[in-house]
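The values are calculated or read from the model by the stated rules, or taken from the named source; none is laboratory data. Please read all numbers here as calculations on a predicted model, not as lab measurements. Cβ placement follows ideal geometry from the backbone for every residue including glycine, while neighbour counts extend to all protein chains displayed.
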Amino acid sequence: MLTMEDVIREGHPTLRKVADEMTLPLTNEEKELADKMLEFLINSQDPELAEKYELRPGVGIAAPQVNVSKRMIAVHVPSEDPEETDPEFSGILINPKIISHSVQQTCLSEGEGCLSVDREVPGYVPRHKRIRIKYFDIEGNEHNKRLKDFPAIVVQHEIDHLNGVMFFDRIDPENPLALPDDVDILGSDTQ
Ligand code: SB7
Ligand code: NI
């Protein structure tokens with residue numbers, strides 16, 4: 001099982017590397033890591049398990065954050081509807097790639113946080129509002145999917161980790177609350 005002790009923090013060189021493309025089929029070791037990454041997210045969103053194992057709640061995690069420089073991310077975004085038990089978007093994405101995106105941008109009203117960053121960094125993080133992604137699942141099947149708003153933001157945050165980019169790199173250093181044209185602001189409650 002993964003815990004916060006497995007998550008590397010800001011300053012670790014792996015977080016600044018461009019991660020390697022994965023070859024399919026995945027090895028058993030890679031499949032095990034994929035399962036553990038998704039399990040970490042699900043546990044981290046369960047208040048009892050999060051407290052028991054001292055997990056920070058997370059909706060996404062990228063392999064480089066556990067010091068594996070490979071292009072694999074896990075995402076688990078719960079539904080906005082509290083009655084709905086199925087997540088809005090959940091899975092392991094291998095070699096994810098944004099193939100097209102909207103001109104319109106969006107950002108979270110509360111800014112972003114990161115499991116690898118143990119401090120609050122205030123400021124808007126502009127992201128594409130809508131993206132079309134291509135990726136492979138752990139079985140090696142190819143997927144093509146459109147995402148918008150929060151799930152799109154999460155996937156962009158995770159793909160950034162595969163390219164050595166941190167969320168605060170995208171905050172305007174002069175004026176963290178400055179917003180470029182054509183950016184809307186999305187209310188956030190989940191991180
Ligand atoms: C806010 C939080 C996340 C993504 C986008 C907006 C995920 C935070 C957890 N991570 O550090 C994953 O890389
Ligand atoms: Ni992060």
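List of remarks:
- The set of residues from the range 37-67 being touching a residue at least 12 places away in the same chain (Cβ under 8 Å), surrounded by fewer than 17 Cβ atoms within 10 Å (Cβ to Cβ) and either in a helix (DSSP H, G or I) or within 16 Å of ligand 2 (Cβ to nearest atom) (or both) comprises 39, 42, 53, 56, 57, 67.
- Options 161, 101, 157: the member that is modelled with pLDDT of 95 or more and touching a His at 6+ places or on another chain (Cβ under 6 Å): 101
- Among strands (runs of 3 or more DSSP E) entirely within the range 73-161, having at least 2 residues that are within 12 Å of the chain's Cα centre (by Cα) and crowded, with 16+ Cβ neighbours inside 10 Å singles out 89-101.
- Flag for residue 109 being in contact (Cβ under 8 Å) with a residue 40 or more places away in the chain, within 13 Å of ligand 1 (Cβ to nearest atom) and of a type in the set (Gly, Ala, Ser): yes
- Pairs where the first residue, in the range 122-136, is within 15 Å of residue 148 (Cα to Cα) and the second is part of a strand (DSSP E or B) and among the small types (Gly, Ala, Ser), C-beta under 7 Å, 6+ apart: 132/100
- Residue list for the range 162-184, filter: more than 16 Å from ligand 2 (Cβ to nearest atom) and either under 15 Å from the mean Cα position of the chain (by Cα) or part of a loop (DSSP other than H, G, I, E, B) (or both): 172, 173, 174, 175, 176, 177, 178, 179, 180, 181, 182
- All of 117, 66 fail the test of being out of contact with any Pro (no Cβ under 9 Å at 6 or more places or on another chain), within 11 Å of ligand 1 (Cβ to nearest atom) and farther than 23 Å from residue 187 by Cβ, apart from 66.
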